[in-house]
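Each remark here refers to the structure printed beneath this line.
Taken together, the values in this text are just the output of simple stated rules run on the coordinates, not laboratory data. As the structure is a computational prediction, the values presented were derived from the model and not from experiment. FYI the Cβ positions are ideal-geometry reconstructions off the backbone, even for glycines, and counts take in every protein chain you see.
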Protein chains: 2
Amino acid sequence: MAHPVSPLAPKTYPDLPEVAGVRFATAEAGIKYKNRTDVLLAAFDEGTTVAGVLTTSKCPSAAVDWCRQHLGAGKARGLLVNSGNANAFTGKKGVESVALSARLASEALGVPAEEIFLASTGVIGEPLDAQKFAGVTGEMAGRLASGPWLNAAKAIMTTDTFPKVATATVEFDGVPVTISGIAKGSGMIAPDMATMLSFVFTDAPIAAGVLQALLQPAIDTSFNAVTVDSDTSTSDTCLVFATGKAAIAPITSAMDPRATVFAEALSDVLHELAIHVVRDGEGATKMVTITVEGATSERSAFRIAQSIANSPLVKTAIAGQDANWGRIVMAVGKAGEPADRDRLEISFGDIRVATQGERDPAYDEKATSAYMKNEDIDIRVGLGLGSGSATVYTCDLTHGYITINGDYRS
Amino acid sequence: MAHPVSPLAPKTYPDLPEVAGVRFATAEAGIKYKNRTDVLLAAFDEGTTVAGVLTTSKCPSAAVDWCRQHLGAGKARGLLVNSGNANAFTGKKGVESVALSARLASEALGVPAEEIFLASTGVIGEPLDAQKFAGVTGEMAGRLASGPWLNAAKAIMTTDTFPKVATATVEFDGVPVTISGIAKGSGMIAPDMATMLSFVFTDAPIAAGVLQALLQPAIDTSFNAVTVDSDTSTSDTCLVFATGKAAIAPITSAMDPRATVFAEALSDVLHELAIHVVRDGEGATKMVTITVEGATSERSAFRIAQSIANSPLVKTAIAGQDANWGRIVMAVGKAGEPADRDRLEISFGDIRVATQGERDPAYDEKATSAYMKNEDIDIRVGLGLGSGSATVYTCDLTHGYITINGDYRS
């Protein structure tokens, strides 16, 4: 598990402010890892609303099933997350395990079990011994605090090499409203899902239905726009908790102009967390932004961008610092979306390498090779067919990915 | 380019019989490689029919465009194939290059240019200098011969580590009819295509329309059922040439009972060639057969099998000899096809590892680990929903793949 820290890790972390109405603690329950925290317990004050987006997998984890069952009510008083075991594909044992987990958290916090949200991440297919939480939940409840957030982010890591946090503040009538989030994820990361695991906390007073309405579009341009390896997790979960402690009038309608401002800030936080996930992609050495323009629709642009971002040949070329635009042509061609080879234009950064279906007459191998040595690589593909555009974020595919995943269970 | 020979390479090659009406030669045109053959020129006697299946890529190579244009007539007198350059995404230069290639072969063989079929494989996006063929086609035409087939298979290799050949013979009224084929392919290999490059030759007298009708279903269970890396090539081409030299009455209808016998033999040859391509998958150390049963339809079973076969996490686990059924659950779940987690059954070889949505109560880690050390791994997934089944063939994902593709252009 002890892989070197990603070269794309942030050099510094932001100071994350307290979010009124949220307190948490972490502990070592010994689920799988030794000498590190693996459980996060958060408590929310009464009145906290919740919205969430969960994996689209047909084989979801028991914790995802639990959250799906209880999200509708929109009320949250607690969150229990563990790393080391995904409690996925664990049959009846999994169902018993989530019930016990929720009961233990409920007893420790003195709140209803159905208002406890659960998430688990780690190995799939092995039973999760929730009894291990019994040894820590009561003790954790006794030392809940409003920080530090980095500890919360660390407790939920699996193959992650750095903790992922992001924060934003907006002001309404001079009153600051805080949105802070944490996320984990490094492999088994693909678009068209919710995310690996991400939890966002705000003191905004915002109705659960409004929160849910704002969340989905923000997910589409953040977690749903990243891919590490095209593999969609069984456990993807993004939950947003709003405690309502900020001293502003409640936001009860998506038509409220403040909802738009809040949604933008929420988008920023989710986007930053999603980028952190890519920058910690298993084995990543390059951060790659792929923008497709001129497609027949936004959806078509997105699918072509995904096809490029998920191509092992494109990703290994980038790892090899090779401006192999031919493989981008291949990935455009296989996407199954409208494309006209003879209108294609491809750029790496500001360098146009291909135009009108062939190599740019001004192509300069030396300048392009120099560009490919950068840590951040921007690829832009113009289709010349319409006005649909989309951006997808990914990383390269390296020996590190093979090493990490060739012996994950052992 | 000099990668070690795949550990999955065949230990021996079959003796490939002559196919009456087919003669060929290979040469060094110096397209890209040094000290190896890179051009194959084949001549077909008058009366040869042809059928073909070409890439579904929206960015096909110039040679694919050429074949698509001329396949309709169903007549072939020659075939010119080069390795080292794919002549794909080469714009107007590419079009000029195929025209020149066809003209050079046509002049050398003394046959119409529109009855010359072309294929190119290698780097995408760099112009192909067809003038280099001028130095060899005339000389090759002077030494055409009916063997040895291994030389033909070698001349079309790129990252392949071994030549790929297969043969079958059927008898009609005591007269033997031969079907022999060659193929190349190792990376950029994905289902839902034609194939990388494959050429099959038979002396059967068979109408082009019948040949075409027999070819597509044979492709579906051979080249379309293999995947190395989920990347579909711009150049996939499978052509079958029938010289009609076997002394039997012509097969002019797909209803002819002999067409069924011929189709089975053709399927066998294509299947064997397709398996060779997987066994030479870039960096492969394991041959993996994935069978999905109990799906709601055959198409659904195929898509789920593809999802498993293309999952980098499943493929790296197999490389690590890890019976990580959890990743198979993940791949079933992300496929977007009907599946019920709680009915899933998964076996590695004869060992059932999971049943009814959880680990098999009789699961034996030791026996399973021992099985995973085999070179050939069979994975069987039961969905328990219907009667749809499908099989997909793939290989593992190793450091070798990264090494090969991180510096392909250089």
Along Cα→Cβ at 7 Å, what distances in nm separate the B:T56 label point from those on the other copies, shortest first? 1.9
Beta bridges per DSSP with both ends in the range A:22-279, % antiparallel, nearest 5: 70
Between copies, how close do the B:D350 label points come, placed 7 Å along Cα→Cβ, listed in nm from shortest? 6.7
Hey, what number do you get for chain A at 222 nm if only DSSP H runs of n ≥ 4 count, each worth -39500 (n - 2.57), divided across all residues, to the nearest 500? -9500 deg cm²/dmol
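Is the range A:287-406 rounded, prolate or oblate when judged by the Cα gyration tensor, a ≥ b ≥ c being the square roots of its eigenvalues, rounded requiring a/c under 1.5 and prolate requiring a/b larger than b/c?
oblate
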Please work out the Kirkwood hydrodynamic radius for the range A:198-292, using every pair of different C-alpha atoms, and report it in angstroms with one decimal place. 14.6
Give a residue-ordered list of calculated ³J(HN,Hα) values for the range B:102-116 (Karplus: 6.51 cos²θ - 1.76 cosθ + 1.60, θ = phi - 60°; whole Hz; x for Gly, Pro). 5, 5, 4, 5, 4, 5, 5, 9, x, 9, x, 4, 6, 9, 9
Let me know the longest stretch in chain B that avoids all GluC sites (Glu not before Pro) found in a DSSP loop with at most 12 other C-beta atoms within 10 Å. B:47-374
Please work out the C-alpha center-to-center distance from the range A:19-43 to the range A:352-390 and express it in whole Å. 45
Percent antiparallel among DSSP beta bridges confined to the protein assembly as shown, nearest 5, equals 70
What is the sum of charges around A:S106, taking Lys and Arg as +1, Asp and Glu as -1, for the other residues whose C-beta is under 9 Å from the C-beta of A:S106? -1
Once phi for every residue in the range A:67-82 is put through the Karplus expression 6.51 cos²θ - 1.76 cosθ + 1.60 (θ = phi - 60°), the whole-Hz ³J(HN,Hα) values, with Gly and Pro written as x, are 4, 4, 5, 10, 5, x, 5, x, 10, 9, 10, x, 9, 10, 10, 10
Each label point is 7 Å from the Cα along the Cα-to-Cβ direction; what then is the distance between the points at A:V5 and A:T56, in nm? 3.6
Residues meeting the amide H criterion for A:V228 (H placed from the backbone, H to H distance under 5 Å, 5 or more places apart or on another chain) are A:I189, A:A190
Rounded to two decimals, what is the ratio between the C-alpha radius of gyration of the protein assembly as shown and 2.2 N^0.38 Å? 1.03
The range A:47-117 - convex hull of alpha carbons, volume per residue in Å³: 88
With the label set 7 Å along Cα→Cβ, B:S297 is separated from its counterparts in the other copies, in nm and shortest first, by 2.0
Order of B:D160, A:D360, B:D45 from fewest to most other C-beta atoms within 10 Å? B:D45, A:D360, B:D160
Need one number: convex hull volume per residue for the range A:1-148, Cα atoms only, in Å³. 136
Excluding B:E375 itself, calculate the net charge of residues whose Cβ lies under 10 Å from the Cβ of B:E375, where each Lys or Arg counts +1 and each Asp or Glu counts -1. +2
Output wanted: per-residue J couplings in Hz (rounded whole) for the range A:128-141, from phi through Karplus 6.51 cos²θ - 1.76 cosθ + 1.60, θ = phi - 60°, x for Gly and Pro. 8, 7, 5, 4, 4, 5, 4, x, 10, 4, x, 5, 5, 4
Residues whose placed amide H lies under 5 Å from that of A:A27, excluding near-sequence neighbours: A:D38, A:V39
Quick check: pseudo-label points 7 Å beyond the Cα along Cα→Cβ at B:S146 and A:R36, how many nm apart are they? 6.7
Dipole-positive endmost among B:S369, B:M330, B:V381 within the range B:287-406 (Cβ charges, Cα centre): B:M330
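Which net charge results when you count Lys and Arg as +1 and Asp and Glu as -1 among the other residues whose beta-carbon is under 10 Å from that of B:T161?
On the way: positive: B:R279; negative: B:D160, B:D280, B:E282.
Surrounding charge for B:T161 is -2.
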Residue among A:I248, A:T48, A:V269 farthest towards the positive dipole end of chain A, charges placed on Cβ: A:T48
Whole-Å semi-axes of the range B:22-279's equivalent ellipsoid (Cα gyration tensor): 26, 21, 16
Would you grab the residues whose amide H sits under 5 Å from the one on B:L197? Only those 5+ places off in sequence or on another chain, please, with H modelled 1.01 Å from N. B:K184, B:T237
